[in-house]
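Here is the structure we will look at.
The values are calculated or read from the model by the stated rules, or taken from the named source; none is laboratory data. Every value quoted in this text rests on a predicted model; they were computed, and no experiment measured them. Here the Cβ is made from the backbone with ideal geometry for all residues, glycine too, and neighbour counts use every protein chain on show.
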Amino acid sequence: MGKNGSGFDIAKLRVEPGSKVKLAKIDPASTPSWKADEGLADKEQAAAKLAELTQRLTALQSLLWAQSSERVLVVLQAMDAGGKDGTIRRVFEGVNPSGVRVASFKKPTEPELAHDYLWRIHQQVPANGELVIFNRSHYEDVLVVRVMDLVPEDRWRRRYRHIVEFERMLADEGITIVKLFLHISKEEQRRRLQERLTEPEKNWKFDEADLVPRARWNDYQKAFEEAIAETSTDRAPWYIVPANRKWYRNLAVSEILVKTLEGLKMSYPPAPPNIADLVIPE
Ligand code: ATP
Ligand code: MG
């Protein structure tokens, strides 16, 4: 096994609590902690490594489901075309759909708006044995809400504290939380949105409304920087994943999830007593 056998260091992507975040300093096309073996192409070796990680993730998720006492929450945030859907599709390939659920948070409905912003979020947190992926999340309430001025600043600013406390409560109650920001460049977003226009099988994905956040790119980057810096904690850390290269993005996300689940030190529940002598009657 080469350098990447087990050498991928997810700490390189983690945002240490209390540290500043400067997205312009993180190259979205970079591949931190990755180096292919001599003579092997990145993509080729990454594909082999990803296949191995997919197997490990599948095994860990079976264990999570069988043990039915741990709960795992994965928060996914990105700019439009940042690769949230592709990541979910590829990284969770092969896991048992009974134990895995995706919760997507769109523009709030009337009843959702009539409640506090965490109301709809709390309903979707994982139960025992579940792994839930948030495709967008409560972070929209300090991102789009901030950039588009949907509530006054003093109101969204207080939310950093609520979010930290809310996530601490979830962690205290047994939920393992991992937060992932897929970091793409403005040019990569242009390329991907343009593809949605020119490739017929991608036309359905094109949404003219995505051009509004694109026009406010810098404001969004600033909102992400502050939200991530204010809410990365030991128990609910943020990881910034350079995501221009899909092979690296999938690999890094898989590494983060596998290492996090391995950290739970799960084991299969004990066998019922006396089964050694039992034979199923004909
Ligand atoms: P895709 O386009 O890949 O299907 P998506 O996550 O972009 O997935 P959309 O329905 O296109 O889904 O967009 C969801 C929209 O809802 C985003 O523009 C997002 O900013 C917005 N949204 C999510 N949560 C909130 C919120 N709390 N307040 C206001 N807008 C929100
Ligand atoms: Mg969209």
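Quick rundown of the values:
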{"quantity": "Yes/no for I163 being under 22 Å from M148 (Cβ atoms) and either in contact with a His (Cβ under 7 Å, 6 or more places away or on another chain) or more than 13 Å from ligand 1 (Cβ to nearest atom) (or both)", "calculated": "yes"}
{"quantity": "Subset of the range 44-80 [closer than 30 Å to K186 by Cβ, surrounded by fewer than 16 Cβ atoms within 10 Å (Cβ to Cβ) and within 22 Å of the chain's Cα centre (by Cα)]", "calculated": "A47"}
{"quantity": "Selection from the range 215-225 of residues that are touching a helix residue (DSSP H, G or I) at 6+ places or on another chain (Cβ under 9 Å) and either of a type in the set (G, A, S) or within 11 Å of ligand 2 (Cβ to nearest atom) (or both)", "calculated": "A223"}
{"quantity": "For A103: the one exception among (1) in a strand (DSSP E or B); (2) more than 17 Å from the chain's Cα centre (by Cα)", "calculated": "(2)"}
{"quantity": "Of residues in the range 81-113 being hydrophobic (A, V, I, L, M, F, W, C) and under 27 Å from R216 (Cβ atoms), the one surrounded by the most Cβ atoms within 10 Å (Cβ to Cβ)", "calculated": "A81"}
{"quantity": "Single residue of E188, E153 found to be under 27 Å from A29 (Cβ atoms) and more than 15 Å from ligand 1 (Cβ to nearest atom)", "calculated": "E188"}
{"quantity": "Within the range 23-43, considering residues that are closer than 20 Å to A78 by Cα and in contact with a helix residue (DSSP H, G or I) (Cβ under 7 Å, 6 or more places away or on another chain), the one surrounded by the most Cβ atoms within 10 Å (Cβ to Cβ)", "calculated": "P28"}
{"quantity": "Residue list for the range 146-163, restricted to those being within 16 Å of ligand 2 (Cβ to nearest atom) and either at pLDDT below 95 or among the β-branched types (V, I, T) (or both)", "calculated": "V147"}
{"quantity": "Number of positions in the range 102-131 that are within 16 Å of ligand 1 (Cβ to nearest atom) and either over 17 Å from V164 (Cα atoms) or touching an Asp or Glu at 6+ places or on another chain (Cβ under 6 Å) (or both)", "calculated": "18"}
{"quantity": "Leading residue by the ranking (farthest from ligand 2 (Cβ to nearest atom)) among those in the range 81-90 that are within 10 Å of the chain's Cα centre (by Cα) and within 19 Å of A29 (Cα to Cα)", "calculated": "T87"}
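The rows are residues; the columns are (1) within 19 Å of A243 (Cβ to Cβ); (2) modelled with pLDDT under 95.
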{"position": "K3", "(1), (2)": "no, yes"}
{"position": "I10", "(1), (2)": "yes, no"}
{"position": "L13", "(1), (2)": "yes, no"}
{"position": "K25", "(1), (2)": "yes, no"}
{"position": "A29", "(1), (2)": "yes, no"}
{"position": "D37", "(1), (2)": "no, yes"}
{"position": "K43", "(1), (2)": "yes, yes"}
{"position": "A59", "(1), (2)": "no, no"}
{"position": "E70", "(1), (2)": "no, no"}
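Listed here are the residues, each with its yes/no results for (1) surrounded by 12 or more Cβ atoms within 10 Å (Cβ to Cβ); (2) of a type in the set (A, V, I, L, M); (3) out of contact with any strand residue (DSSP E or B) (no Cβ under 8 Å at 6 or more places or on another chain); (4) over 28 Å from P32 (Cα atoms).
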{"position": "R155", "(1), (2), (3), (4)": "yes, no, yes, yes"}
{"position": "H162", "(1), (2), (3), (4)": "yes, no, yes, yes"}
{"position": "F181", "(1), (2), (3), (4)": "yes, no, no, no"}
{"position": "R190", "(1), (2), (3), (4)": "yes, no, yes, no"}
{"position": "R196", "(1), (2), (3), (4)": "yes, no, yes, yes"}
{"position": "W204", "(1), (2), (3), (4)": "no, no, yes, yes"}
{"position": "E208", "(1), (2), (3), (4)": "no, no, yes, yes"}
